[in-house]
Amino acid sequence: MEKPINSTSRRSFIKNSSVGAVALASGLISYRCLANNNRDRKLGIALCGLGNYSSTRLAPAFEHTEHCYLAGVVTGTPSKEKEWADKYGIPPTHIYNYENFDTIKDNPDIDIVYVVTPNSRHAEFGIRAAKAGKHVITEKPMEISVARAQELVDACKAAGKLLQVGYRNRYDPTHLEIMRLTREQVYGQVKVIDTNFSFYGINSPNWRFTDKSLSGGGPLMDIGVYCLEGACYGTGELPSSITAQSFKTFMDKLPDMEETITWQMEFPSGAIANCTSSYVARANNLHIYAEKGNYGTSPAYGYDVPGGYVGKEAMNAGYRNQQAAQMDAFAMNIKEGTEVIASGEVGVQGMKIIEAIYSAAKTGQKVELTW
Ligand code: NAD
């Protein structure tokens, strides 16, 4: 039995997921609004956690940002201080470690702290940043539980600071076009979604695969989160119920974590989504089947999304550096006081869905969700 979702939450979810995103993508949010609001000032971002994603994606993305720049770093590894200072011209006054991080409050050049640590340290650093008077971006998954994600939302609210979750696909032209096709029901109502994001990572020594206290779980936390996101903005809804099954073939790997997980989401409209995420297979797609046609993208969730299609035709929605689009959009939200698309609330919704998926996989029971 489906439970109806609260119409206000649903409306605000749809607004968050699609309308605002399309408005941004198509330039509908007027840049004239900035005229009296220090339009030319780029906001300073400090990256916190200088691992793979910060090094290979976020730092290079600043070459493509218009409204923000790399102003500082926070790192627990002393050797990275000089390395990053030299590479990006960051002054010593803008380099912090995990101990003196809170003094960032005295640095007016840093407006935003972007938390790019292992998952279970997002809330901790995000809350410290908010208390230091900084706006916060936190990477996905937002945290490892609803409770911790909510703590971060509450801390940002209490400090009067904005919060964004690193759901970069919500700023990607192909995914924005998918949201539009759904929202405008160009091919009628969406009925079925198939989506899978998997890679073969079982033998890596990275914390994702070895330390649940940092990861919070297996592929669902890491990459399955993109599938649940795709299913939500692909339908424009939040799920009303979830069933799930998890599987393991390498018993000595992924301690206390799933290896493959597959879940089914039912939506209030009657649409259903079949989602899978695995660390022992390779897949990357989002297929949306509506009453009068189908659309989607394959590959779907990488940093470049060249595979958008509508029926048998290529979608050709265009390209934008996702990380730059995401960070610029957040800088604009701060400058203009506009609503964050991938907001903390959207992040908490994702965490709630993740917890429901794990619960359904563990008990074998359908989990009903209310919003
Ligand atoms: P990583 O291991 O390469 O980097 C993590 C960094 O955090 C390291 O520099 C490490 O020193 C630091 N760190 C802080 N506290 C730590 C602790 N207790 N244990 C270990 N390291 C600690 O990881 P990554 O791949 O850069 O991922 C970081 C975050 O970014 C994760 O939440 C991940 O899900 C997210 N991510 C997002 C995307 C995306 O496309 N949006 C892509 C990759 C990673």
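Within segment 18-67, being under 30 Å from Leu181 (Cβ atoms) and at pLDDT 95 or above holds for Tyr53, Arg57, Leu58, Ala61, His64, Thr65, Glu66, His67. Checked against the criteria, Ser241 does not count as more than 18 Å from Gly302 (Cβ to Cβ) and open to solvent by 10 Å² or more (accessible area, probe 1.4 Å).
Looking for whichever is open to solvent by 10 Å² or more (accessible area, probe 1.4 Å), within 15 Å of the ligand (Cβ to nearest atom), modelled with pLDDT of 95 or more and touching a strand residue (DSSP E or B) at 6+ places or on another chain (Cβ under 9 Å) here; the options are Tyr200, Tyr187, Tyr171, Tyr226. Which one fits?
On the way: Tyr200 fails: within 15 Å of the ligand (Cβ to nearest atom); Tyr187 fails: within 15 Å of the ligand (Cβ to nearest atom); Tyr171 fails: touching a strand residue (DSSP E or B) at 6+ places or on another chain (Cβ under 9 Å).
One residue alone meets the criteria, Tyr226.
Taken over segment 326-358, the criterion of being among the hydrophobic types (A, V, I, L, M, F, W, C) and within 18 Å of Glu229 (Cα to Cα) is satisfied by Val340, Ile341, Ala342, Val346, Val348, Met351, Ile353, Ile354, Ala356, Ile357. Would it be correct to say that Ala231 is over 21 Å from Arg168 (Cβ atoms) and crowded, with 24+ Cβ neighbours inside 10 Å? So Ala231 does not fit the description; no. Of the strands (runs of 3 or more DSSP E) lying entirely inside segment 43-127, those carrying at least 1 residues that are over 22 Å from Gly344 (Cα atoms) and within 11 Å of the ligand (Cβ to nearest atom) are 68-74.
For Ser277, state whether it is of a type in the set (S, T, N, Q) and in contact with a Leu (Cβ under 7 Å, 6 or more places away or on another chain).
Numbers: of a type in the set (S, T, N, Q): yes; in contact with a Leu (Cβ under 7 Å, 6 or more places away or on another chain): yes.
Yes; evaluated as a whole, the condition is true for this residue.
Within segment 140-161, the set of residues being in contact (Cβ under 8 Å) with a residue 12 or more places away in the chain, surrounded by fewer than 24 Cβ atoms within 10 Å (Cβ to Cβ) and not in a helix (DSSP H, G or I) comprises Lys140, Ser145, Lys161.
Note on segment 301-343: residues that are surrounded by fewer than 21 Cβ atoms within 10 Å (Cβ to Cβ), within 13 Å of the ligand (Cβ to nearest atom) and more than 15 Å from the chain's Cα centre (by Cα) total 1. Among the candidates Tyr233, Tyr303, the residue that is in a helix (DSSP H, G or I), of a type outside the set (Gly, Ala, Ser) and touching a Lys or Arg at 6+ places or on another chain (Cβ under 9 Å) is uniquely Tyr233. In segment 72-92, of all residues being open to solvent by 20 Å² or more (accessible area, probe 1.4 Å) and among the polar types (S, T, N, Q), the one that is farthest from the chain's Cα centre (by Cα) corresponds to Ser79. Restricting Ile95, Ile104 to those that are closer than 19 Å to Tyr69 by Cβ, among the aliphatic types (A, V, I, L, M) and open to solvent by less than 10 Å² (accessible area, probe 1.4 Å) reduces the list to Ile104.
In segment 277-300, the residue that is nearest to Leu176 (Cα to Cα) out of those that are aliphatic (A, V, I, L, M) and surrounded by fewer than 20 Cβ atoms within 10 Å (Cβ to Cβ) is Ala283.
The values are calculated or read from the model by the stated rules, or taken from the named source; none is laboratory data. Values in this document were obtained by computation on a predicted structure and should not be read as measured data. Because the Cβ atoms are built from the backbone with ideal geometry, glycine has one as well, and the counts that use them run over all protein chains shown. Calculation scope for accessible area: heavy atoms of the full protein, side chains included, ligands and nucleic acids excluded. Shrake-Rupley method; radii C 1.70, N 1.55, O 1.52, S 1.80 Å.
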